[in-house]
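Heads up: the structure comes next, in structure tokens.
The values are calculated or read from the model by the stated rules, or taken from the named source; none is laboratory data. Keep in mind the model is a prediction, meaning the values are calculated, not measured. In this analysis, Cβ positions are derived from the backbone assuming ideal geometry, glycine residues included, and neighbour counts consider all displayed protein chains. These accessible areas exclude ligands, DNA and RNA; they are computed on the full protein's heavy atoms, side chains included. Shrake-Rupley method; radii C 1.70, N 1.55, O 1.52, S 1.80 Å.
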Amino acid sequence: MTEQHEAPNGVSGRALQKDIPQATVARLATYLRVLAMLADDGVAIVSSEELAVAAGVNSAKLRKDLSFLGPNGVRGVGYDVAKLRTRIEDVLGLSQGHRVVLVGAGNLGRALVGYGGFRRRGFTVVGMFDNHPEVIGRSVAGLVVRDVADLAPAIDALKPTIAVLTVPDDAAQDVCDLLVASGMQSILSFAPCELTAPETVEVRRVDLAVELQMLSFETARNAPPLAEVAHAVSSGRIAHRAPAHTAAGHPALKHTTTSHSATEPSSKGSVVTP
């Protein structure tokens, strides 16, 4: 294996970033996840075919994607898992890690802060903010929720590189404006509304409802027509089955019900601009 941090002619991963298509960047993130899993399992070398199958792409596309990174593997041998992982982290800007602030300490915000996978991938949440009096001062995954009124000076002190919004739709633009005014250049929003920001600010939006609608479309498209199902039943190809009374009472199939108290704020943070 000869691949190192430098591409041919000494071109760094940072210089290569401008030439990589967005679709390839998305797949590089997937390759990185697979490589991390392989490394955890003690795998040292992986072939392009094995990596492609694990990432859900064909090997030709994988090799084309990795060609943007410069020489990486050895023909007939494969890729050095550790070196390729480091190379992709370099190109994706993960080598130095990222400090993240999150605005909106509702259910979604708390779940994101509590997810340990972010830190393993180089993202450390360093601050969490809300404006709800019942939320401010609480401890979430080792972080004390701070008042959004202190967001601007906190950003100056914490030096985050990425901000995450998990706030109600009607507050998202105001909080986005506050983040931009505080100097944030990269914002990830879970609000379904479009956010307006200067061209120099990168805003990415995650709309979970849209993702569910896409899955609904795929389910409907792949489902057999009702008439075909009815014909299969009437023709005996799908047999009517009586309920299995003995299995229903099996202890392993019983579900327990847990009572939850409604003491937490709504699923998204209740932040509004002070």
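General remarks:
- Per-residue SASA entry for Lys61, accessible area with 1.4 Å probe, Å² rounded to 10: 90 Å²
- Extension gain for the segment Arg205 to Ser139, taken as residue separation times 0.36 nm less the Cα-Cα distance, is 21.1 nm to one decimal.
- Neighbour net charge for Gln173 - beta-carbon separation under 13 angstrom, K R +1, D E -1: -4
- FRET efficiency, 1/(1 + (r/R0)^6) with R0 45 Å, evaluated for Ala60 and Cys193 via beta carbons: 0.70
- Contour excess over end-to-end distance, with Cα ends at Ile20 and Thr161 and 0.36 nm allotted per residue: 48.6 nm
- Probe 1.4 Å, all protein chains present, accessible-area order of Arg87, Arg204, largest first: Arg204, Arg87
- Under 9 Å, Cβ to Cβ, from Val57 - net charge with Lys/Arg +1 and Asp/Glu -1: +1
- Dipole of region 167-226 [Lys/Arg +1, Asp/Glu -1 at C-beta], most positive-end residue of Ser189, Gln213, Val203: Gln213
- Environment charge at Ser47 (Cβ cut-off 14 Å; Lys +1, Arg +1, Asp -1, Glu -1): -1
- Summarising the label geometry, the points placed 7 Å from Cα in the beta-carbon direction at Asp150 and Gln213 lie 3.9 nm from one another.
- Summary of packing: across the peptides 217-224, 128-135, 23-30, the per-residue average of other C-beta atoms within 10 Å ranks them, highest first, as 128-135, 23-30, 217-224.
- Amide H to amide H, with H built 1.01 Å from N, Ile45 comes under 5 Å of Val81, counting only residues 5 or more places away or on other chains.
- Overall, the accessible surface of region 119-231 at a probe of 1.4 angstrom is composed of carbon and sulfur to the extent of 57 percent.
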